[in-house]
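Notes for the one structure printed next.
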Amino acid sequence: MESKHIERLYREEKAKMLSYVRLHSNDRTRDAEDIVQDVMLKMYRILNMNTKIENLAAYAWQSLKNLIIDNRRRKEHYNEQIDDHHEELASSEVGPEEAMLKEHFSDYMQKALKELKPSERAIWVATEIDGTSFQELAMAWNEPTGTLLSRKHRAEKKILNTLNTIYKGELK
């Protein structure tokens, strides 16, 4: 398989793939173009691993379908977590200090993220917000998985320290 085959497939099938994604995906956070490009990027990665694909078009369409399903599952899982969190908040009795902290958590989290180095923020957002695996990031960023794991661990420690400092200052 050569890159020219992937490029030809992209030119010939792009409009159909975009229509397919728009029809089968209600994901508003990523547009159809991004999803199709992710599939093509995956195919280029496979090309670099010297893996042979018998039917390039079938592989691309199956990858597209799988990515839509993965996004849907990820969104459903996220919504379940949010619902569980809301139930937990509703069922627990909180004092005025805790209520204020919970109300401003998003602002505090933004502040904690801004204090990270760009590389630490990127790995944290990619894994926690976007749901990207470390293996995917290692390939995309051309960095060892261990380096990314260490960077994320440092980011989490810094976020926790920042949030603890903010909370201690707010409760005084």
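Applying the set (1) at pLDDT 85 or above; (2) in a loop (DSSP other than H, G, I, E, B) to MET1 leaves exactly one unmet item: (1).
Per-residue answers, yes or no, for (1) part of a helix (DSSP H, G or I); (2) at pLDDT 85 or above; (3) among the β-branched types (Val, Ile, Thr):
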{"residue": "GLU87", "(1), (2), (3)": "yes, no, no"}
{"residue": "GLU97", "(1), (2), (3)": "yes, no, no"}
{"residue": "SER106", "(1), (2), (3)": "yes, no, no"}
{"residue": "LEU113", "(1), (2), (3)": "yes, yes, no"}
{"residue": "THR132", "(1), (2), (3)": "no, yes, yes"}
{"residue": "GLU136", "(1), (2), (3)": "yes, yes, no"}
{"residue": "LEU148", "(1), (2), (3)": "yes, yes, no"}
{"residue": "LYS158", "(1), (2), (3)": "yes, yes, no"}
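Of everything in the range 109-134 that's farther than 21 Å from TYR167 by Cα and over 13 Å from the mean Cα position of the chain (by Cα), which residue is surrounded by the most Cβ atoms within 10 Å (Cβ to Cβ)? Taking the candidates together, the pick is GLU120. The lone criterion from (1) surrounded by fewer than 16 Cβ atoms within 10 Å (Cβ to Cβ); (2) at pLDDT 85 or above; (3) polar (S, T, N, Q) left unmet by ASN79 is number (2).
Just give me the residues in the range 40-75 being in contact with a helix residue (DSSP H, G or I) (Cβ under 7 Å, 6 or more places away or on another chain) and small (Gly, Ala, Ser), in sequence order. Residues satisfying the conditions are ALA57, ALA60, SER63.
The values are calculated or read from the model by the stated rules, or taken from the named source; none is laboratory data. Just so you know, these numbers come straight off a predicted model, no measurement behind them. Every residue, glycine as well, gets a Cβ built from its backbone with ideal geometry; the counts of neighbours run over all protein chains shown.
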